[in-house]
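The values are calculated or read from the model by the stated rules, or taken from the named source; none is laboratory data. Here the structure is a predicted model, which means the values were calculated and not measured. Neighbour counts are summed over all protein chains in view; Cβ atoms, including those assigned to glycine, are modelled from backbone coordinates with ideal geometry. Just so you know, the surface numbers come from the protein's heavy atoms only, side chains and all, with ligands and any DNA or RNA stripped out. Shrake-Rupley method; radii C 1.70, N 1.55, O 1.52, S 1.80 Å.
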Amino acid sequence: MDSARWSRVQELFHHAVDLPQDERRTFLESACGGDDELIDQVLAMLEEDARGASLLDRDVAQVACQILDPPNPTHLPFEEFGPYRVRGLLGEGGMGVVYLAEREDLGSLVAIKILRDAWLSPSRRERFASEQRTLAQLNHPSIARLYDADSLADGTPWFVMEYVEGVSLTEYCRQRRSAIEERLQLLRSVCEAVQYAHRHAVIHRDLKPSNILVKADGGVRLLDFGIAKQMESLDAAVDQTRTGLRLMTPAYAAPEQIRGERVGIHTDVYALGVVLYELLTGRLPFDLSSRTPSEAEAIIVEQNPEKPSAVAQGDSSPTALVASKTAWADLDVLCLTAMHKDVQRRYRSVEALVRDIDHYLNGEPLEARPDTLNYRLGKFVRRNRRTVVAAATVLAVVISLVAFYTIRLRNARNEAVAEAARTQRIQRFMLNLFQGGDENVGPAENLRVITLIDRGVQEARSLDAEPVIQAELYQTLGDIYQKLGKLDQADSLLRSALERRKALFGEAHAEVGNSLVALGLLRTDQAQLEEGERLVREGLEMARRTLTPHHPVVAKATTSLGQVLEIRGKYDEAIQVLKEATRLHEAAGERNPDLVVALSELANTHFYAGHYDEAEALNLRTLAINRNLYGERHPYIADDLINLGAIQFERGHFGEAEQFYRQGLDIIRSWYGKDHHRTASALTMLGRSLVSQGKLEEAGGLMWEALRIHESVFGEVHPRVASALNELGRLAQQQKKLDEAEARFRRMADIYRTVYNDKHYYIGVALSNLAGVYVERKEYGQAEQLYRDVLQRYGETLPPGHQLVGIARVRLGRVLLRQQRYPDAETEILAGYRILNQQSSPPTRWLQFAQEDLVKLYEALQQPDNAAKYRSELEKTSKQASVTGPGK
């Protein structure tokens with residue numbers, strides 16, 4: 001074989017290797033121009049490549065022999081991937097092999113994708129890793145989820161995905177002979193998934209029916225993000241060795257992809273248009289069979305497809321049952337606008353395509369169709385046929401109706417056009433964030449989030465001519481600043497959003513209420529708790545006055561009020577408000593993410609109120625919903641596990657708490673990395689459970705690492721830093737390093753005083769812990785003074801029956817008992833004991849302390865009957881603790 005021939009074989013091999021197996025021969029037949037020998041040579045290389053054994057491990061004679069000889073049957077090279085056991089082969093493409101596997105401990109089926117022959121090309125390994133990273137950030141019901149990832153002993157990477165048992169979109173519609181409406185509803189579900197990916201700055205670039213599976217229940221799943229791209233990387237220089245037909249399916253590729261030009265949201269819109277064309281007509285818009293690559297390129301770039309209505313004439317499929325010429329005209333507009341070769345005349349976003357699908361399904365005018373009065377009136381008449389026929393009996397009524405509805409249609413049109421313009425403006429805004437105003441230059445690799453948001457604020461301030469959009473962007477950016485801990489910047493933006501909305505809509509409007517709620521939540525973060533509650537209540541009442549009772553905005557504002565009441569320690573009221581929020585959110589179904597937020601807040605409130613059984617039941621419910629929505633390895637799952645660990649910790653089941661904390665930490669660390677503040681928080685929680693079990697050395701290492709991360713992220717004065725100091729103080733106390741413990745608890749209290757303006761029950765927690773150090777030193781006078789300060793603070797911030805109040809009174813009573821001030825000690829210990837006994841899940845450890853002290857007190861007072869009573873209660877509590885676990 002001469003060098004030119006060998007170069008041609010290699011070129012064709014690299015073109016074909018990344019195509020699905022069932023498309024390779026068709027490609028080669030069109031590319032080889034009838035050269036059967038050339039086809040056979042390339043197919044032999046592809047078969048050898050599929051076996052998975054490295055060519056570099058064999059000599060030339062062996063390679064030649066194996067290429068020329070018939071291939072051996074493919075055997076399964078691996079049986080286990082971590083906890084997953086392979087059950088069979090699902091399929092293979094040029095980049096990877098996909099196996100069906102079962103997770104033996106859970107009995108669930110998954111799909112495992114493994115990169116084969118990574119040595120062939122470093123770019124294949126990078127694309128495989130890119131697909132894994134992309135799936136990790138996409139959590140949508142219609143996108144196949146990523147569950148796990150790892151490498152084999154030889155370094156071969158693999159990852160675990162949701163196993164989707166279904167058929168391709170077109171095959172599903174063919175088998176069911178689906179009507180037009182059902183086909184459009186399915187495509188709409190696909191569009192929602194693609195739109196979600198776009199909002200997360202991911203372009204799919206290879207949308208086609210074989211990458212869209214439909215399950216038996218009609219649910220769709222979008223697959224194969226193997227050549228997806230982040231928006232910020234789309235402007236990078238094109239790698240010429242990876243252009244052409246290798247990284248796309250030509251029949252669904254947009255003209256700009258074929259030409260090797262910049263791709264973006266519009267590229268996926270084009271592919272969705274091709275899928276729609278195929279759903280409507282039963283065939284592709286262009287016949288590329290038996291075409292050379294250059295011929296196929298010319299057809300896609302230069303030719304216009306026939307109208308779907310023309311292709312479908314005489315077809316026996318359900319699409320032919322659409323009798324109305326007007327309906328077919330709208331379908332032509334839908335399809336051909338999405339597929340327009342001019343990017344500027346294509347739908348500007350998937351959201352715009354979805355809106356027109358909805359308009360078609362509702363019998364409304366399309367935004368993409370020329371805006372003629374006859375067209376819109378025709379749409380109106382078809383939607384309101386009975387009304388128009390009845391009104392036609394009286395000419396004057398007909399004239400009145402026509403005038404009235406013409407005005408309504410014009411107003412509806414204006415609203416639709418305004419909404420479309422708003423959507424396009426926000427889309428341009430988002431793209432400018434990444435492009436920095438220059439569409440020829442992508443963002444730097446080290447672009448920080450805060451830099452991006454600062455850029456967004458500058459862009460938003462230039463939108464004075466578009467005040468509605470400006471106000472929305474101000475509030476969104478303010479919320480982001482708030483989450484980043486930049487409270488001053490958040491304050492400025494949220495107040496600006498509120499002022500603009502008041503100027504635009506007046507003092508009483510739902511948008512104004514929305515801004516009031518956002519500002520109230522910020523005030524709560526700023527420790528202005530009373531002002532925060534007032535603003536959130538005002539915003540909620542405004543939403544209730546201006547919106548329907550079950551409107552999502554009303555439900556979200558109700559959740560926000562419950563959250564503020566929880567932070568203020570008004571647990572009973574917060575529980576009732578959050579129950580109402582949960583009821584409102586449940587109207588949207590169990591898969592509603594806002595429902596999970598309300599349930600989590602309700603669980604937290606029960607937890608802080610000491611209602612551990614209720615908190616556990618709610619956390620288990622949110623865990624089940626989140627697993628259904630996001631799979632097993634999502635941060636929301638970690639949050640639920642850590643919350644369950646906290647409940648076990650408060651019950652005194654420290655070993656069980658440790659297991660929950662370790663599971664949550666594993667997920668969070670794999671998701672965010674080892675230096676993220678959420679990783680630090682999980683380390684702190686795990687460390688506190690280890691301290692309580694006496695595993696002090698391991699706990700110390702975890703806690704110092706957590707403190708380091710929190711200080712590097714938030715600075716030295718932040719509630720998260722105080723939380724880490726609290727656990728380090730407990731550790732030092734266990735180690736009898738009382739000076740270190742005192743220093744940490746004092747710094748903890750100082751942070752809380754600074755952050756919360758000396759008004760929060762957290763300060764009482766810190767002072768209570770500090771008093772415990774004085775007790776160990778037998779400095780009872782100073783300890784008593786601190787405990788009385790603690791009870792005064794609790795009285796200002798917590799309800800009288802709160803568990804923390806009960807514990808503080810028991811602790812004060814213990815100090816008084818040690819000073820032999822028996823009447824005062826009896827008053828405090830009994831009061832605290834009654835409060836603890838009233839809790840739905842009393843803390844066993846403090847019950848035992850109170851009972852032990854009451855026995856000692858009544859023995860000292862020579863009251864044997866009372867001493868015997870509490871000795872008996874102590875025995876019962878100890879027996880119960882021995883069954884359920886150690887006391888707190």
Item to check | Distance between the stretch 713-731 and the stretch 271-314 - C-alpha centres, whole angstrom | outcome: 63
Checklist outcome for this item: Note: Thr754 to Arg262 extended length (0.36 nm per residue) minus current alpha-carbon separation gives 172.0 nm
Next on the checklist: Please give me, ordered by residue number, the GluC sites (Glu not before Pro) of the stretch 671-735 that lie in loop per DSSP and have at most 15 other Cβ atoms within 10 Å.
Outcome noted: Glu716
Next on the checklist: Given points 7 Å out from each Cα along the Cα-Cβ axis, report the Asp613 to Leu109 separation in nanometres with one decimal.
Outcome noted: 4.0
Item to check | Solvent-accessible heavy-atom area per residue, rounded to whole Å², over the stretch 500-585 at 1.4 Å | outcome: 43
Next on the checklist: If I model a spin label as a point 7 Å beyond the Cα along the Cα-Cβ vector, how far apart are those points for Asp342 and Glu590 in nm?
Outcome noted: 5.1
Item to check | Using a Förster distance of 30 Å, the FRET efficiency for Val301-Asp150 (Cβ separation, nearest 0.05) | outcome: 0.10
Checklist entry - Just how much of Tyr347 is accessible, in Å², when a 1.4 Å probe is used and the result is rounded to the nearest 10? => result 20
Item to check | Relative contact order [Cα under 8 Å, 6+ residues apart], the stretch 536-634, whole percent | outcome: 21
Checklist outcome for this item: The extension gain from Arg545 to His200, computed as 0.36 nm times the residue separation minus the Cα-Cα distance, is 120.8 nm
Checklist outcome for this item: Checked the stretch 738-803 with the C-alpha gyration tensor, a ≥ b ≥ c its square-rooted eigenvalues, rounded below a/c of 1.5, otherwise prolate if a/b is larger than b/c and oblate if not; verdict oblate
Checklist entry - Cα centroid distance between the stretch 835-861 and the stretch 473-494, in Å? => result 47
Item to check | Contact order relative to length of the stretch 131-227, as percent, for alpha carbon pairs under 8 angstrom and 6 or more apart | outcome: 36
Next on the checklist: Placing unit charges on C-beta atoms (Lys and Arg positive, Asp and Glu negative, everything else neutral), compute the dipole magnitude of the stretch 475-552 about its Cα centre in debye, rounded to 20.
Outcome noted: 200
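At 0.36 nm per residue, minus the direct Cα-Cα distance, what do Gln782 and Ser294 gain on full extension? Give it in nm, one decimal, please.
This chain segment gains 166.8 nm when fully extended.
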Item to check | Per DSSP, loop trypsin sites (Lys or Arg not before Pro) in the stretch 802-857 with at most 16 further Cβ within 10 Å | outcome: Arg821
Next on the checklist: Please compute the contact order of the stretch 584-632 in relative form: average sequence separation of alpha-carbon pairs under 8 Å and at least six residues apart, divided by the residue count, as a percent.
Outcome noted: 33
Checklist entry - Residue-wise, which Karplus ³J(HN,Hα) couplings in Hz belong to the stretch 170-186, taking 6.51 cos²θ - 1.76 cosθ + 1.60, θ = phi - 60°, and x for glycine or proline? => result 5, 5, 4, 5, 5, 5, 8, 6, 5, 6, 3, 4, 5, 4, 5, 5, 5
Next on the checklist: Along the Cα→Cβ direction, 7 angstrom out, place labels at Arg818 and Gln734. What is the inter-label distance in nm?
Outcome noted: 2.0
